[in-house]
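Reviewing the structure listed below.
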Amino acid sequence: MLINVDLGDGVIRQMDDSELTPNHSTIENDSERTQVTEFQLDGKVVHRSVHVHLKQGIGIEAVLGSF
Amino acid sequence: MANSQALASSFKSEVMLGKHQLGTVTLTSRTSLTAPTTDTIKAALYLASATTNGSNTAYTATGEVSGTGYTAGGVTVTNATAPSTSGTTGIWTPSASIVYSSVTLSTAFDAVMLYNSTQGNAAIGVYTFGSQTITAGTFTLTMPTNDATHALIQLA
């Protein structure tokens, strides 16, 4: 499978994943669940994609005044 | 029976629909007065070092991320689900994930601002998440469930 990589020059190229070392991690807390997919080449991260699943938005209370 | 005072639940979603105009405001035309078109909502990313928050009244390029594949101003939000009411809470959530594809964002970022690009880039809200960088990859923000306790905007 071809993976988009940036070797540090800001140019996005493609490399076969067999040449890269994958690393997957997941972080979860009360507000988000985040999955990170990394591929390294010679110990350097050349691909990093992140998927953040927001668990909750922002609540606003509308208050009715009184006489 | 007894009367009780309350804001109409329907009003809370109708505010987000622009149904009520309680004062004068300068608007960009929505084509029709009686059946106005939906505004375009955009999402811009901000560096972890920025100070973007609820005091921002409009989109700003100050503190916005930059990098390969990222266009200043961010991306258009898919908005196919109109604001509605869940119980007594007005709710709205974009109808699809917000996706930044094939980008390299080397400086850490931790916030996204939703803003109304049709109406002078008026700010809607800033949402934060764990600090991230992206390398030749995709950054995806998946939306919460569109209900009274999780929706991206809850007007209770």
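The values are calculated or read from the model by the stated rules, or taken from the named source; none is laboratory data. Keep in mind it's a predicted model, so treat the numbers as computed, not measured. Quick reminder, even Gly has a Cβ in these numbers, built from the backbone with ideal geometry, and neighbours come from all protein chains shown. Surface accessibility is based on the protein's heavy atoms, side chains included, excluding ligands, DNA and RNA. Shrake-Rupley method; radii C 1.70, N 1.55, O 1.52, S 1.80 Å.
Numbers for the structure displayed
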| read-out | value |
| --- | --- |
| Scope the stretch A:45-65; condition open to solvent by 50 Å² or more (accessible area, probe 1.4 Å) and within 7 Å of chain B (Cβ to nearest Cβ); matching residues | A:H51, A:H53, A:K55, A:Q56, A:I58, A:G59, A:I60, A:E61, A:L64 |
| Selection count where residues are surrounded by 13 or more Cβ atoms within 10 Å (Cβ to Cβ) and modelled with pLDDT of 95 or more, scope the stretch A:28-37 | 6 |
| Pick from the stretch B:1-25, criterion in contact with a strand residue (DSSP E or B) (Cβ under 8 Å, 6 or more places away or on another chain) and within 20 Å of B:M143 (Cβ to Cβ), ranking: most open to solvent (accessible area, probe 1.4 Å) | B:M16 |
| B:T28 assigned to a loop (DSSP other than H, G, I, E, B), farther than 25 Å from B:T81 by Cα and either among the β-branched types (V, I, T) or open to solvent by 70 Å² or more (accessible area, probe 1.4 Å) (or both) | no |
| Exclusive hit being in contact with a Gly (Cβ under 9 Å, 6 or more places away or on another chain), more than 8 Å from chain A (Cβ to nearest Cβ) and open to solvent by 30 Å² or more (accessible area, probe 1.4 Å), set B:G87, B:G54, B:G120 | B:G54 |
| Test set (1) open to solvent by 40 Å² or more (accessible area, probe 1.4 Å); (2) more than 10 Å from chain A (Cβ to nearest Cβ); (3) assigned to a strand (DSSP E or B) - B:S49 fails condition number | (3) |
| Flag if B:F139 is among the aromatic types (F, W, Y), closer than 21 Å to A:G10 by Cβ, more than 9 Å from chain A (Cβ to nearest Cβ) and crowded, with 22+ Cβ neighbours inside 10 Å | no |
| Matching option when the condition is hydrophobic (A, V, I, L, M, F, W, C), open to solvent by 10 Å² or more (accessible area, probe 1.4 Å) and either within 18 Å of the chain's Cα centre (by Cα) or within 14 Å of chain A (Cβ to nearest Cβ) (or both), among B:A151, B:A82 | B:A82 |
